[in-house]
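The values are calculated or read from the model by the stated rules, or taken from the named source; none is laboratory data. Everything quoted here is computed from the prediction, not taken from an experiment. Backbone-built Cβ (ideal geometry, glycine too); neighbour counts: all protein chains shown. We work out accessible area using only protein heavy atoms, side chains counted, and drop any ligands, DNA or RNA first. Shrake-Rupley method; radii C 1.70, N 1.55, O 1.52, S 1.80 Å.
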Amino acid sequence: MQTGWVVLVKNNKIEQAGSMMFKLPAGTEIIELKGMTLLPGLIEGHSHLFLHPYNETSWNDQVLKESRAERTVRSVNHAKATLLAGFTTVRDLGTEGAMYDDVGLKESIEKGLIIGPRMIISTRAIVATGSYGPKLSADNESIKGAAEADGEDALIKEIRTQIGKGADFIKIYADYRWGMNKEAQPTFTFEELKKAVEIIQSSGRKLVVHAVTPEAMKRATLAGVSTIEHGDKGTEEVFKLMKEKAVALCPTLSAGESILQYDGWKKGIDAEPQRITDKKKSFQLALKTGVTICMGGDVGVFAHGDNAKEMELMVEYGMKPIDVLKSATSVNADVFGYGDKIGRIKKELLADIIAVEGDPSTDIKNIRKVTLVIKNGVIYKKP
Ligand SMILES: [Zn+2]
């Protein structure tokens, strides 16, 4: 944390940042931020701009009953809410049945047709046949929330297709609640994951996996993925391996909290559900082991624009506010491969800058009091 800094933005870049040791060019617009904290634009590490809260409409019904047009219209609103909440970048982890529509959403934002965050996208995500929903009955096959591919050849073809359509990275479900018993078990073999990493990395991209079981987390880590999403049942052995192999964890604390609350848990009144107690323990174990922690809430399960919920929960579950702020900025940027462009207030980086009232490093709730939003040098909100 620095005091008294001046940041000079020219076009879409940060031209200078630091104490007032440089002269401002004539005609510079000056925005005073007394009593506020200037930060790099926040980076949401796990969003689904094509989903909206499950207590409004269940995931199944969103995938099965909402038209693609409706889902796109919703995503436009979600993108705006996200940006104005200070999240200037999202890593979006799959359209969940809306095919490649994230490509068009991203392009519409880049062309200035609508306002929204910088998007890093995965398009459809990849699942093993039989593992993913919606699941209707043994006789009734529906459209799926992701692309099914099995075996190395099919995986290679699906990965290359998604890259061709515009995927910036690939998401694979390394485990899921298979079949009808709703029990999470590993899906892809180690060999399949390893081949996927080889193909993806040779295209200059990264693989991220959904995994909650220790076995799937272990396979993914050894295969060389970039991040593991959720990681609910991570053990000390798995977290040590992740640290050793520089695989980051995106814990998505808000997803679990939201779903349990939709199911009737009254937080602060009812007893803490076992799932929350277990999640706190595994998150604290990951922290203690020194695993790199990304900030990503699985937003879409809960409301877009409420992304800060995850940052508050990370603090509540035992992480220092300053470390949470780093996760949401420089750490996410570095882990996602964008550290030379965003995530820091630094000369030559893109001008993605926000300000909030007060100091979020002493009270994380201040991160919600957004007064200034600049993305790519364009001002979207100012005090
Ligand atoms: Zn997700």
Quote the charge dipole size of the chain about the Cα centre in Debye, to the nearest 20; the model charges only the Cβ of Lys and Arg (+1) and of Asp and Glu (-1).
1040 debye
Amide H of R118 versus every other amide H placed in the peptide plane: which residues, excluding those fewer than 5 positions away on the same chain, fall under 5 Å?
T89, V90
Loop only per DSSP, at most 14 neighbouring Cβ atoms within 10 Å: give me the trypsin sites (Lys or Arg not before Pro) in region 62-135, ordered by residue number.
K111
With the 1.4 Å probe rolled over protein heavy atoms, the chain has an accessible area per residue in Å² of 44 Å²
Cα gyration tensor, region 231-379 - rounded (a/c under 1.5), prolate or oblate
oblate
Cα to Cα, under 23 Å, and not fewer than 8 places away if on the same chain: which lysines meet these conditions relative to K144?
K65, K106, K135, K157, K165, K171, K182
Among the aspartates and glutamates, which fall within straight-line cross-link reach of K195, defined as a Cα-Cα distance under 17 Å, with same-chain neighbours fewer than 8 residues apart omitted?
E148, D150, E152, D153, E158, D175
In nm, spacing of pseudo-spin labels at V76 and V378 (7 Å Cα→C-beta vector)
1.5 nm
Taking the simple approach of a point 7 Å from Cα along Cα-to-Cβ for both I143 and K240, what is their distance in nm?
4.7 nm
Just report the Cα centroid separation between region 11-60 and region 253-273, whole Å.
30 Å
If the only charges are +1 at each Lys and Arg Cβ and -1 at each Asp and Glu Cβ, what is the size of the charge dipole of region 52-103 around the Cα centre, to the nearest 20 debye?
120 debye
Please turn the phi angles of region 362-367 into ³J(HN,Hα) values with the Karplus equation 6.51 cos²θ - 1.76 cosθ + 1.60 (θ = phi - 60°), one per residue in order, whole Hz, x for glycine and proline.
9, 9, 4, 4, 4, 5
Multiply the residue gap between E15 and E152 by 0.36 nm, knock off their C-alpha separation, and tell me the result in nm, one decimal place.
44.7 nm
Sites S202 and D323, calculated FRET efficiency, Cβ-Cβ separation with R0 41 Å, nearest 0.05
0.75
Of the accessible area of the chain, with the probe set at 1.4 angstrom, what percent is carbon plus sulfur?
50 percent
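I want the local charge near S327. Using Cβ-Cβ distances under 12 Å, sum +1 for each Lys or Arg and -1 for each Asp or Glu among the other residues.
Numbers: positive: K320, K326; negative: E44, E310, D323, D334.
Net charge in that neighbourhood comes out at -2.
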Expressed in square angstrom to the nearest 10, the accessible area of Y338 with a 1.4 Å probe stands at 60 Å²
Using only protein heavy atoms and a 1.4 Å probe, report how much of L285 is accessible, in Å² to the nearest 10.
40 Å²
Calc'd 3J(HN,Hα), region 213-221, phi into Karplus 6.51 cos²θ - 1.76 cosθ + 1.60 (θ = phi - 60°), Hz, glycine/Pro = x, comes to 8, x, 5, 5, 4, 5, 4, 5, 5
Full extension from M1 to K346: what is 0.36 nm times the residue separation minus their Cα-Cα distance, to one decimal in nm?
122.9 nm
Under 21 Å, Cα to Cα: Lys pairs in region 301-378, sequence gap 8 or more or different chains:
15
Across region 82-204, how large is the tail of the calculated P(r) beyond 22 Å, expressed as a percent of all Cα pairs?
41 percent
Selection of trypsin sites (Lys or Arg not before Pro), region 210-291, meeting DSSP coil and at most 10 other Cβ within 10 Å:
K266
Which longest run of the chain has no exposed loop site in it, a site being GluC sites (Glu not before Pro) in a DSSP loop with at most 15 other beta carbons within 10 Å, and the site itself not part of the run?
142-347
Calculate the FRET efficiency for L222 and Q284 from the Cβ-Cβ distance with a Förster distance of 22 Å, rounded to the nearest 0.05.
0.35
Mind checking the full-extension length gain between N181 and E272? Use 0.36 nm per residue of separation minus the Cα-Cα distance, one decimal, nm.
30.3 nm
Across region 340-354, in residue order, what do the Karplus-derived ³J(HN,Hα) couplings come to in whole Hz, using 6.51 cos²θ - 1.76 cosθ + 1.60 with θ = phi - 60° and x for Gly and Pro?
8, 10, 9, x, 9, 8, 8, 3, 5, 7, 5, 7, 10, 9, 10
State the Cα centre-to-centre distance between region 339-360 and region 159-192 in whole Å.
33 Å
Just to verify a number: what accessible area does M295 come out at with the full protein assembly present, 1.4 Å probe, Å² rounded to tens?
0 Å²
